[in-house]
Structures are given as structure tokens and as C-alpha cells.
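For reference, the structure discussed in these notes is given below.
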């Protein structure tokens, strides 16, 4: 029973069906096909404001290309120390931005506290010997399975904008945060001050599709050239675009996120005191100790250890296609004395 | 009737069927799935030697990542002046290699002449004020729809290897060259001295899949890290890998290439004296003049002008899913006085 | 008798004296010293317009940093195929610009012909698959010892500006061109449409000092940060600044350039039909053949072969501290049958 | 009375005299002059082992070029959070290394504790989603004016080498550490496991000269090309080389370092309980509070505030040419109630 990552999941049948439906005839390449041309409209409707949206195939590409449009090569990018861009993208931000430097901050439950960020920003030098404060990158839902509230986001982005920074949101699990908060997509994006969003679909049911959504449209100018020279402009663009259209218009984002959130919360409740962070998305972090982790594995549960070995922590992720029986079995195992 | 590019094509039904068949259950991500794990074996069998093979989603990624593994940031990359890496990848080689410089050479029918390359290499400085000769990149089939013979390739790669350069082949249309030459895949790759090959499938029937094939396996060490930090390691890797497996094992590469080559040659014959280059792949280059181009367009044929406006040249590309009637109509239009 | 390069020269006594005079007491570092603060005024007076000027220690730094302020990472930089940035800076433009690509053009006597550049620019694609035309870089005096006339420069820069390009001038030997043309410095720089100039002093008598001069002041914003992160902001800036002040205010630029130009012209006249390019600076290019080159070397003359071995060409450069007897001896040797 | 930085200092008369003495006649450029050719020997004698040594003009260049030879673009560079490469070089390591990422660690008195580094290294992932542990960079003397003992260095470098990392030392104030520890230069460099050293001279009396010293000679291969393409190979190399020769062979390094260390220690003693870190070089860090800082400034002392405003900390640096009276006056002011 696999709780390793939502990346192990398959793609939704609806997504595959949509790809098959788009596989008719020859259409202009490189984004001039009818599906790609519809992306702006689709995402604008979803977010309730005029946006420019682009499809790429990986979250790392979505994040790094977004950052490259908002950070100069001598920029400083502020982020939580657990951010995916800091720990799991093999230096992509530095590569795409031509050398930009990450400034990593701690924060409880994977969230940056607005006052802490404000203090870090105030302490960051403005003279030319230092990298220049350029971007704040926040993750929603966070790497520890929690979700920022709109108010927190607003406080963070206000602090950033006051000093002229742009704000990027890594929304690899944006749908899970949205489902948890049960609010309008605009409330935790542009209305909360986000300038550019990596809006993931792959983890939540697509085959390979992430949208880069620009709320601050002037930023688009560089993006397309950065994407092309990074090899992330697909020739047969229709197949990526149609995944996003289906994901959003077909309501898959919600259906899948609600399901995985619910199952994850069930696991969180079963875990009781072992639970490390509130379950506000599809990830559950537990302090189990070496022995209990061992026992769970013997019972057939697959998951990753988390953090330093000595902490005995574990991460369990629920996929959109996770059999409910897996979760039932896991809960049963967790409540067992 | 669209002869703009083989990029406008759809994906083969066999490819879509294989993707659907792979869409079962949860499997390890990031290349640890059964399909990706089978790539090395599949490509080794195809080329008749032990290779390491990796899947990416675009030709630009395949080329630029290949070059990044064989060129230092202060490297010189020799290529034909019409090479895709020089004209159509928005500076990707310079980006991925950290600043490497292209050295572009002319050559009849899109081919580099071995003696010309040898002379250019001899003239290239070795002192540290110059970028250092590092890579030869050849395109097979070329950008002008011709194919290098094995002997030419061998002469080119020998000149390169004598001076310590690595040789990359941009094989976005490798299948077409192979079908035209009707030889073993190894004959125009590793047996001819190629170190790393971008082996395209997208243009010839895949959805989005290109293989990077390392014949010189020591080169692999950097590749995987370069790929990850460029955002080109897909989480749900199975869907890209399975396209390549189907393309090769199912013989799609050949079926489609033979068909498009044959149709292109038919057009070439119909064009008579207007033909600019021998038709050895699925592309036809014609000198038509402004008026004749205009007339063809009025008759419903879509294609790109080529080169300087004053030359009156046109490029027509046959796609794997091109209706035969398109070609018949085009031939009829071309022979018309 | 050394005619290898003006880089082999010593520094003028006036320059050393000025350094010694500035070596008094402790002053603010990193450009806040009185000498550096006077650079803008000094260069503004020299050029007859308000400029921003910065000191660096090498011509490669001056050129590459200038280019980094005017080219995006996906930019195309147009230059003569003999340009120093193309042949002698080990890929610095690609490095500093984050991957920008050089587009090299031929041109008689080291000069780009305006109509040729205009044609190349017209042919350069504007779609996003190509690097984007961003910069024209011209060299004054050229690498072949000739000087652009103001009219030529104006034609080139007009063609560039019409399409939105910025124009950089590599003026490693700007003083020699200025002395030859005997015009106002503004006439072949800002009045001729130059946006940013690398104004060399090292070859012509300084120890290690080049000015980067911005006529288009909005460009300055990025320059200082690029310079710092490239390690080209000197802590004890006074010693570089004072070299430039002395070079310009003391009239060294003219005294030395007139002398070396005159001596070079004398050599050119002695060379007769062997002369390859008009002598308009301090460099002489001769077609001598292998035997005659050999004989000159046996007579004690040191110089570089130029171009392909088979051409039998030679480059001879006169330094500011070249003994007149060297030149007399060389002329005598050249007229000898 | 200026205690802002040792960068505000002038150059030693001995250095200027040596430059003047080298200013005779024309010599080969780009490092082929007799002074530069003597650098390897000079530094080898100094360190008691065969080294390769190169001169550059800034500490940022020395550090960033060193790092570029030992870190791949996907490398992780471990350093103290106060390291100059992290705070004062405007992202140079990321730029020169093509995107490498800094991993910053805290540590008392500016020093990395071996056990802490070992733990951080153990926790750093080895999978390809993360930047790869590549370099440890230590600063000697540290940014907080302390010096690593040989034993500490050995423990750090052993931990690094065990995992295949290279070790770089930022020795902008190496002479001060050496004078304080009163040991052989080899003891705190190659004998302690350092692979490459930025050995500063500028702060301690040179005009603009830093040596990059390779104890691990195989690393040299890339360095020279990186230096050239970064614009850090000076044409008239003799003037930089002769500064280093004079600094080392003339014993300036010691004379100046002993003097500034002694004066700094005197200040440290006068400061009493306000002293924040042991004075083991030429820098003194004091906790003075806002009022006392204000009073010192009114008394004519110039210095930088340090850290967050609320801490009331100050940094005072003694220059080689600091008048002794400045120090006497400062000590008197500090002991005043």
C-alpha cells in the first residue's frame, strides 16, 4: 500500500479521454492550437480576473521559469527553508535566474510567519555588495501539508510589495489548499497579492501538466522566451493544454483534492498524538519512532522517512487514485496500540 | 492542406493506446517505473550496443541537455549554420552550457563537408583567449531534408575525435534518415563515431517524447543532474517512456518514416527543376518565386517561406498523418504549368 | 624588437606618478573616493555630454559587462566576425549575458558595412524560436587597424535603433581612432548613436584601466550590480580611477595615440604592396609570405602571424613606448628587396 | 579617525616602489612576463609545497573563480552564514558556478563547528533532486575577526573530503590569522586539508592583488579558462604579480598583519565587556548600544554598525596604515565611563 507520493499516481481517465479527443487532425504547433489558445480564458474564468496562462510539463519548470521572469541574476529569493525550490529542484532557481540566491527562513508547520519575513526583509542589505531582494516565493499548500490563510498571504505579500519584491506562489498542491479553505481561487492568489502562480495539476490527476498563471500581466514579456530557450515549449502543445482545460473545467481539481484531503484527515485523526502538523492537504506527517515505522513497513505500507533519521518522522501522501481500503488499513494500523 | 511542419501532426493511435495501457495503478515516480527502467534495454537492442537512454519531452531539451554534458562553459560547439540548435532554440545551447559559443559553418544541402570542418577545426585557436573546441553537432536528417552517408559521418567524427571533441547528433528526424539510407541504426550513430544522440519521436508520431542516447556511457554522469535542474525530469515518467518503447518496439519509427519519405519524394519529383535539395527525408525545399507561392496558397496549400524573401523559396513538410490526397493535390498543382 | 602587441607595453610615467600621488591616507572604498567620484565629470567633459562612467581593469570586463546591461539572456549580439568579443574573450559575452548568442558578419577591412548589417537584421527572425536581436557591437578602431567614419557609424546605429537594438562600441583602441579621424570624441560616440562605450586606456599607456561610458544613462541601473557580482568592483578604486583621470585630463590618450599611429603609418608606407588594410590606428597587417616572415624574425623582429598559416600574413603593433629605432629598423627591413 | 574597513587603506610604499621598478620596457602580456612566471615558485616556497598560483585583482574574483573550479553548476557550497561569499559578493558564487547553491550554517564567533558541519553534510541528500554537496568554504581569519586553529580546520576538511567535497579557504585576511597563530603557512592551509586558497593582499597593503593558490594542482585545468572568460586575466600582468611577490618575499604580509593585530587587540582590551568576539585578527566587534555609538561618532570615530539595528553592535577595523594615535584615542574613548 503506497503512500510515498502523489507522483506515483496514474492519470485520471477524464484526462486521458480528453487527450484522445484532442488527437484529431493537424493543428498549428507551439501553442497556436485551439486548446492552448483557450487557456487564458479558462484560467481567467477560474480566477475571476484576466490572466495570462501557460502550460509546462513539470513543477520545477513552472517554478523556475516563473522565478526567472521576476528575479534578476543578482536577485535574492526569499522562501521557507522547506520550500521545494530550495530542497528538491537541484538548483533550478539559480540556473534559470542566472545565479540568483535563495534566502531561506524557518517557520512553523512549513509556513512563513509574516512578521518573521518582514524582519528578514528589513535586515536584508540594499547596498550593491549584496544580492538584491527581488522575490518572495510561498508554497500553497506548504511542503508540510498545511495551508496559508488569505490573511497570512496578504500580510506576506504586502511586506514584499512595499519593498518592491514580486511574489511567486508554488501551487503544486494549490487545489488541495483551495479545497481545504473552501474559498474562491482568487482569494488565495491575486486578491491576496500573488503576482505569478505555479498551478499544479500533475500530482492531482493530470499526466504531466502545470499552469504558470500571471496575474501581473506585464511579467509575461520575458516568460515566453525563457520557456522556449529552456526547452519547455512543447511542439504539440495541445496535449498539455487539454489536460489543464479538463482539470479545471471538468472540476477534477476539486473532486480529487476533496477526496485526498478527506482521506488524509482520516489518517491524521487516527494518528492521534503522533501527528506533527495539522492536516490541511493530502499529506500527513507523523512522529512514529524507528520501531513503529518498521512495523508499518512490515505491514505493507510504503512511505518516506522525513527529516533527520534520529527524529523518527514519516511522511505519508494520499494520491487521487488511492484505494480507500489502503487508508482504512493504515488507520487501523495507526490506532493499534 | 497543411504542409507547414511535422509538428502539426497528431499522435499515433498506437502511442495513445500504449499510454492508456500504462495508466494502471501507482508506480514509482521519477524514472523508477517499469517502462522507464526498460528504456536502456530497448534502445540497446535497437542500436546493437549497450547504451544509456533517457526520455525528455522536447527536441530542444534533448539537444541542449546533450550539449551540456559534453561542453564546458567555455566550449566551442561546431555546427552547420542551418542547425536547429543555432536557429530555432532561442539560445538554449548557450543557456544550458553556461555560455558556450556556437561556431557555425556553411555546407551544401545542409551538410557539413568533412574537409571544411577539418579546416575550421585546424584554424580554431587553442590558446586560452578563445573558446575551446569541445563539440561537433551534426543533424541527421539535416535541416534541409538531406541525410549524411555513414562515410561522411565517419570522416567528420574522426576529425572531431582526433582533436578531443565529442560528437552530438541532433536526430529530430533520425528515423527519416534511417529509413532513407535503409541501414542499421548503429551504422549512422555509434559505428560512425557519434557519442550522444537526440533521437526524436515527436515529429514522427509520438505525443511528446525524445530519447537522449549515450553511446559513450561515461558522459551520463552529469546528464541526470542537468536534466533535473532544468525541470526536464518528469515525475510521472512512465508516460514518456512508454511512448518511446512503442515507437521503437512497435516499428512506428519505420512505418511512419517510410511513408513520409515516400510522399515527400513524390512531391520532389513533381517539382522538377524547382527542387532545391535532394529529398532524403520528409521535407521538400522548392524555389517557386513569389507568384507561384501565392497561387499555391490560393489553392489551399499551407507551407512556410524559406530563407530571404527575395529568394522565393518554400519548405513543405509531410507529416506521418498527412492524407495521401493532400500530396496528390500538391503534385498536381506543382506540375501544372 | 617587439611588435607583438600594445599589451606588452609598460605604463606611462605620468600614470605611475598619479597613482603615487593618490596613495595618501585612507579614503572610502568601493568607488566613494574623490578620484572615482570625479570620473563622471571628467568623461562628461571629454565627450561633451552628461555621461555615467565606471572603471574596470580589463577590456574583456568592460565589453562583457557592457553587453550584460544591454542584452537579455536570449539576446542576439551582432558583431564583425573578427571582433574581439567573438575571438579573444573566451566566451565572456555568453557568460556575462547568461547565454546570449553572437551573430557574426563579415566585412572588409574589419568594418561592418551598414547595408550588410541592415540586411542581416532584416533576415533575423522575430519569432520566439530564435534569439532576439538585442545589440550591435562595433569596434573602433577595428581589429584590423581601421577606423569607422562617423557617417558609417551613424548608418549602423540608425539601422540598429530602428529595430530597438542597443549599440555597444568596443573602444579598446578608441584613442587611436580618435587621433586618426581628428574629430571630437562625441562625433564617433554618442553623436553617432553609440549607447555604451568600452573606452580603453591600458593598451595606450595605463597600467590596467578601462572606462565603461554610458551615454544612455538609463542603462546604468543594472551595470553596477553586474560589475559587483563579476568581481570587477575594486575595493581600492582610487588607483584605477586616477589612471583614467590622468589618461584623459593629462592628454596622454592623444599624445600616445598620435605617436603610435604615426609610427604605424610609417611602417605601412614602407610595406608598400604588402599592406593588407589601410593604417588608421597603431596596427599594421602585411602579406609577407612564409619566407619573408622568417627573415624578419631572424633580423630580430617579433610579431604574430595572422589568419590561416597558408596566407602568410602578419600583424605588427606599435606600442606607446616603442623605441623609434625599432620602427626605423623595421621600415628598412621592409623596403629591402 | 577611520575604522570603517581595511579597504580604505592606501598601498604600502614598498608595493608602489616594486610596481615602478617593474615598469621597464616591453614584456610578454597575459602572464608570460618574468614576474608572473615567478609566482608559482614564490608561493611554493612560502607554503612549503609545490603549488600553482594565480593573481587576480579582487577578493570576490579570487573566491568565485576558485569555487567555479571546484563546484559543478548543480553543486552545494557549504559555508558559515556570515561568509563573505554569502553576504558581500552580490551572488558571485552562483554566477561563476552557473547556479550553484549556498548552504549556510550558523557557528559561534564566525567559525563553523566541525560537528555541526558533519551533521549538516550527513543530512544533505544525495539523490538527484537536490544540489550535490560539492564544496566547503571556510574563511580564515573569519568575518568576525577570529581564527580557526589547525585542528579545527583538519576536522572540517576531513569531514568534507570523506564525502568527496573540495575545500576552499577565503583568506582575504589570511595574513592576520597566520600572524595571530604564529605558525607555518602550510599548517593552516594544505597540511590542514585546504585544496584552494584565496590569499588576500589588498586589505593588508597591496594596491589590488589577491593570489589564488592551488594545493590540489589537478584543479588548475579549468581555472585559467574561467579566469579569462570572466575578464580577470590582466594583459599587463606584471603589475599584479609584482605586488604579490613584494608582499610575500618582502615580508610585508607579516609586518602589516602583526601591527594591525596588535592594535586591534589593544582596542579589544580597552573595550572590556563590550567585546563580542575574541580579537584574533585586525577586526574588533563591540556591543556598544545606540548611545555609546553615537558618542564615539561625535568624537570623530568612523565605523560600521553591525547586525540588526536593535543589537547596537559595531565593527571596527584597523588598517595597516592606521595612525597609532587613532588607536590610542579610541582606547581612551572606550575606557571612558
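Scanning the stretch B:278-313 for residues that are crowded, with 19+ Cβ neighbours inside 10 Å, in a loop (DSSP other than H, G, I, E, B) and within 14 Å of another protein chain (Cβ to nearest Cβ) gives B:282, B:301, B:303. Output the number of the condition that residue D:251 fails; it satisfies all remaining conditions of (1) on the phi > 0 side of the Ramachandran plot; (2) touching a strand residue (DSSP E or B) at 6+ places or on another chain (Cβ under 7 Å); (3) at pLDDT 95 or above. Unmet for residue D:251, out of (1) on the phi > 0 side of the Ramachandran plot; (2) touching a strand residue (DSSP E or B) at 6+ places or on another chain (Cβ under 7 Å); (3) at pLDDT 95 or above: (2). Only residues that are closer than 14 Å to residue C:73 by Cα and out of contact with any strand residue (DSSP E or B) (no Cβ under 9 Å at 6 or more places or on another chain) were counted across the stretch A:62-79, and they come to 2. Tell me yes or no: at least one residue of the stretch B:267-277 is touching a helix residue (DSSP H, G or I) at 6+ places or on another chain (Cβ under 9 Å), surrounded by fewer than 19 Cβ atoms within 10 Å (Cβ to Cβ) and within 14 Å of chain C (Cβ to nearest Cβ). Within the stretch B:267-277 (the criterion being touching a helix residue (DSSP H, G or I) at 6+ places or on another chain (Cβ under 9 Å), surrounded by fewer than 19 Cβ atoms within 10 Å (Cβ to Cβ) and within 14 Å of chain C (Cβ to nearest Cβ)), the answer is no, since none of the residues qualifies.
Are any of the residues in the stretch D:187-208 more than 25 Å from residue C:231 (Cα to Cα), touching a strand residue (DSSP E or B) at 6+ places or on another chain (Cβ under 7 Å), more than 14 Å from every other protein chain (Cβ to nearest Cβ) and modelled with pLDDT of 95 or more? Yes - at least one qualifying residue is present in the stretch D:187-208.
Considering A:207, A:252, A:219, the condition of being touching a residue at least 12 places away in the same chain (Cβ under 8 Å), more than 16 Å from residue A:170 (Cα to Cα), surrounded by 24 or more Cβ atoms within 10 Å (Cβ to Cβ) and touching a helix residue (DSSP H, G or I) at 6+ places or on another chain (Cβ under 9 Å) is satisfied by A:207 alone. Taken over the stretch C:220-245, residues that are touching a strand residue (DSSP E or B) at 6+ places or on another chain (Cβ under 6 Å) and either part of a helix (DSSP H, G or I) or away from every other protein chain (no Cβ under 12 Å) (or both) amount to 4. Apart from one condition, residue B:175 fits all of (1) touching a helix residue (DSSP H, G or I) at 6+ places or on another chain (Cβ under 6 Å); (2) in a strand (DSSP E or B); (3) closer than 20 Å to residue B:46 by Cα; the exception is (2). Of the helices (runs of 4 or more DSSP H) that lie entirely inside the stretch B:1-109, those containing 2 or more residues that are within 11 Å of chain A (Cβ to nearest Cβ) and over 30 Å from residue B:276 (Cα atoms) span B:13-22, B:59-70, B:92-96. One residue alone among C:158, C:152 is in a helix (DSSP H, G or I) and either within 15 Å of the chain's Cα centre (by Cα) or farther than 13 Å from residue C:111 by Cβ (or both), and that residue is C:158. State yes or no: is residue D:259 surrounded by fewer than 22 Cβ atoms within 10 Å (Cβ to Cβ) and farther than 18 Å from residue D:172 by Cα? No, not satisfied.
Candidates are the residues of the stretch A:314-337 that are more than 14 Å from every other protein chain (Cβ to nearest Cβ) and assigned to a loop (DSSP other than H, G, I, E, B); the one that is surrounded by the fewest Cβ atoms within 10 Å (Cβ to Cβ) is A:337. Here is the figure for the stretch B:276-314: residues that are within 27 Å of residue B:11 (Cα to Cα) and in contact (Cβ under 8 Å) with a residue 40 or more places away in the chain total 12.
Just so you know, in the stretch C:121-141 the residues that are touching a strand residue (DSSP E or B) at 6+ places or on another chain (Cβ under 7 Å), under 17 Å from residue B:90 (Cβ atoms) and away from every other protein chain (no Cβ under 11 Å) include one that is surrounded by the most Cβ atoms within 10 Å (Cβ to Cβ), and it is C:135.
Evaluation of residue B:141 against the conditions (1) touching a residue at least 12 places away in the same chain (Cβ under 8 Å); (2) more than 30 Å from residue A:98 (Cα to Cα); (3) part of a helix (DSSP H, G or I) shows that the sole unmet condition is (3). Scanning the stretch C:71-99 for residues that are buried (at least 24 other Cβ atoms within 10 Å of the Cβ), out of contact with any helix residue (DSSP H, G or I) (no Cβ under 6 Å at 6 or more places or on another chain) and within 17 Å of residue C:230 (Cα to Cα) turns up C:71, C:73, C:98.
The values are calculated or read from the model by the stated rules, or taken from the named source; none is laboratory data. Just so you know, these numbers come straight off a predicted model, no measurement behind them. When we count neighbours, we look across all protein chains shown, and the Cβ atoms used for this are built from the backbone with ideal geometry, even at glycine.
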